[in-house]
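Report on the structure given below.
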Amino acid sequence: MKRIPFPLNDRNFIIEYHKTREGPSGFMCYYKNAATYRLDPLDAWRTLGIAKFTDTGKALKQWCLDMVDQFDNTAVDEEPNDNTKMVM
């Protein structure tokens, strides 16, 4: 697993993108003494609540979308069995 930290992290707010070889990649969010793992980049941005409209929140949204575009080659909502055929 590769951890990529958000450049504007501080002591009370930490976001990391976890790129995994197996399983879904996602965002580990530490904010307000709680840790959550989000698969969707916009859900990671929404952990900020009303603070998402600050300059840091806007930068976080763009960074989350960039991480998914750069490292994730599959869509977040794609089902693994959508392109399979039944053999009889």
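Taking residues in the range 1-28 that are within 15 Å of Asp69 (Cα to Cα), and partners anywhere that are assigned to a loop (DSSP other than H, G, I, E, B) and among the small types (Gly, Ala, Ser), the pairs with Cβ atoms closer than 8 Å and at least 6 places apart or on different chains are Tyr17/Ser25; His18/Ser25; Lys19/Ser25. Residue check: Asp43 meets all listed conditions (1) free of Cβ contacts under 8 Å to residues at least 24 places away in the same chain; (2) under 10 Å from the mean Cα position of the chain (by Cα); (3) within 17 Å of Ile4 (Cα to Cα) but one, namely (3).
Looking across Arg21, Arg3, Arg38, one residue alone is at pLDDT below 90 and either more than 21 Å from Lys58 (Cβ to Cβ) or basic (Lys, Arg) (or both). It is Arg21. Of the listed requirements (1) farther than 15 Å from Phe6 by Cα; (2) among the polar types (S, T, N, Q); (3) modelled with pLDDT of 95 or more, Gln62 misses just one: (1).
The values are calculated or read from the model by the stated rules, or taken from the named source; none is laboratory data. Only a predicted model underlies this, so the values are computations on that prediction, with no experimental measurement involved. All Cβ positions, even for glycine, are placed from backbone atoms using ideal geometry, and neighbour counts span all protein chains on display.
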